[in-house]
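Chemist: Dumping the structure here so I can ask a few things about it.
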Amino acid sequence: MNRNKVIMKATGLCKSFANNGGQNHVLNMIDLEIYDGDFTVIMGSSGAGKSTLLYALSGMDKPTGGEVRYKDAVISSLKEKKMAPYRIREFGFVFQQAHLVSNLTLFENVAVTGYLDRQMREKEVRERAKMLLESMNVEDAADRLPSQVSGGEAQRAAIARAMMNTPGMIFADEPTGALNKKNTQEVLDILTRINENGQNILMVTHDIKAAIRATRLLYLEDGRVTGEMPMAPYRSEDAKSREKQVNAWLSSMEW
């Protein structure tokens, strides 16, 4: 982990959508660097392009201009077949809804990602899936279907799935948006812990209590990054002061 090392870089990133015969420019010439070891959080008003930026950076959606470089590769120009290994091996995804496969158990949902990668033997896949579910404190529900567990348990299993192939980046889009206060706290604690262990995270959120977990905050407005604030690594005893700091920064951004 080297917080001075650039792991992902966007240059002149644009994304437009056709709209009533015209073009709706959602991302406007964004230049952005993501540093190794950071917990980067993107905030901004509704419609600012936060999720669009996350999808463009992660290869889930193609930009209409500019490029995205991950490590030494320009991934924004890759065709679907060549992008697939990045989504399986290099990138993990956590969304607002867990999006687990309904007819697979939590264990199977996590393990199947390892099987798709084909880099581990079956025994290694099973052992890692078990270890990850234990680390997410959801091992007691490993044999249950998604419909048989709480939203918090499902989301923790989704994080385990995202971690299965030891990705270079985890992209999280409002990962606590559908959770109650208790489950939100548990999921944020997990994300903070895995970042402390060296996992790169890029998260979109509108929740200040989620944003205070960041080591770097970015503000998006009208498809441009208009503000940035570095933060020290999170400590629970500093939560209130960090919340005041983030609120003041957001106020200066006219959030």
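The values are calculated or read from the model by the stated rules, or taken from the named source; none is laboratory data. Predicted model, so just to flag it, every value in this text is computed and none were measured. Note that we place each Cβ from the backbone using ideal geometry, even for glycine, and neighbour counts take in every protein chain shown. For accessibility, only protein heavy atoms count, side chains too; no ligands or nucleic acids. Shrake-Rupley method; radii C 1.70, N 1.55, O 1.52, S 1.80 Å.
Chemist: Right, residue 1: within 23 Å of residue 163 (Cβ to Cβ), at pLDDT below 95 and under 18 Å from the mean Cα position of the chain (by Cα) or not?
Modeler: So residue 1 passes the test.
Chemist: Within region 192-213, take every residue that is β-branched (Val, Ile, Thr) and touching a residue at least 40 places away in the same chain (Cβ under 8 Å) and give me the one that is most open to solvent (accessible area, probe 1.4 Å).
Modeler: 208
Chemist: Sort out which residues of region 75-98 are open to solvent by less than 40 Å² (accessible area, probe 1.4 Å) and either more than 29 Å from residue 176 (Cβ to Cβ) or outside any loop (DSSP other than H, G, I, E, B) (or both), and write them in order of number.
Modeler: 75, 76, 78, 83, 84, 91, 92, 93, 94
Chemist: Sticking with this one: Hey, can you tell me all the residues within region 214-252 that are open to solvent by 20 Å² or more (accessible area, probe 1.4 Å), under 30 Å from residue 24 (Cβ atoms) and either under 19 Å from the mean Cα position of the chain (by Cα) or touching a residue at least 60 places away in the same chain (Cβ under 8 Å) (or both)?
Modeler: Within region 214-252, 221, 222, 224, 225, 228, 229 meet the criteria.
Chemist: Just give me the residues in region 78-96 being in contact (Cβ under 8 Å) with a residue 60 or more places away in the chain and of a type in the set (Gly, Ala, Ser), in sequence order.
Modeler: 92
Chemist: Looking at region 188-217 only, could you name the residues that are in contact with a Gly (Cβ under 7 Å, 6 or more places away or on another chain) and not polar (S, T, N, Q)? Show your work before the answer.
Modeler: As a first pass, look at region 188-217 and keep what is in contact with a Gly (Cβ under 7 Å, 6 or more places away or on another chain): 198, 200.
Result: 198, single match.
Chemist: Can you pull out the residues in region 168-191 that are open to solvent by 20 Å² or more (accessible area, probe 1.4 Å) and part of a loop (DSSP other than H, G, I, E, B)?
Modeler: Across region 168-191, the qualifying residues are 174, 177, 178, 179, 180.
Chemist: Further question on the same structure: Only one of 220, 250 is aliphatic (A, V, I, L, M) and assigned to a helix (DSSP H, G or I); which? Lay out the reasoning, then the answer.
Modeler: On the way: 220 fails: assigned to a helix (DSSP H, G or I).
Being aliphatic (A, V, I, L, M) and assigned to a helix (DSSP H, G or I) holds for just one of 220, 250, which is 250.
Chemist: Among the residues of region 210-219, what is the count of those that are out of contact with any helix residue (DSSP H, G or I) (no Cβ under 7 Å at 6 or more places or on another chain) and either closer than 23 Å to residue 135 by Cα or among the aromatic types (Phe, Trp, Tyr) (or both)?
Modeler: Initially, region 210-219 is screened for residues out of contact with any helix residue (DSSP H, G or I) (no Cβ under 7 Å at 6 or more places or on another chain), giving 214-216, 218-219.
Then keep just the ones that are either closer than 23 Å to residue 135 by Cα or among the aromatic types (Phe, Trp, Tyr) (or both); that gives 214-215, 219.
Total meeting the criteria: 3.
Chemist: Still on this model: Condition check: part of a helix (DSSP H, G or I) and either open to solvent by 30 Å² or more (accessible area, probe 1.4 Å) or within 27 Å of residue 191 (Cβ to Cβ) (or both). Does residue 32 satisfy that? Break it down into steps so the answer makes sense when it comes.
Modeler: Details: part of a helix (DSSP H, G or I): no; either open to solvent by 30 Å² or more (accessible area, probe 1.4 Å) or within 27 Å of residue 191 (Cβ to Cβ) (or both): yes.
Here the answer is no, as residue 32 does not meet what is asked.
Chemist: Of all residues in region 162-180, which are of a type in the set (Ser, Thr, Tyr) and either at pLDDT below 95 or farther than 17 Å from residue 100 by Cα (or both)?
Modeler: Selection gives 166 alone.
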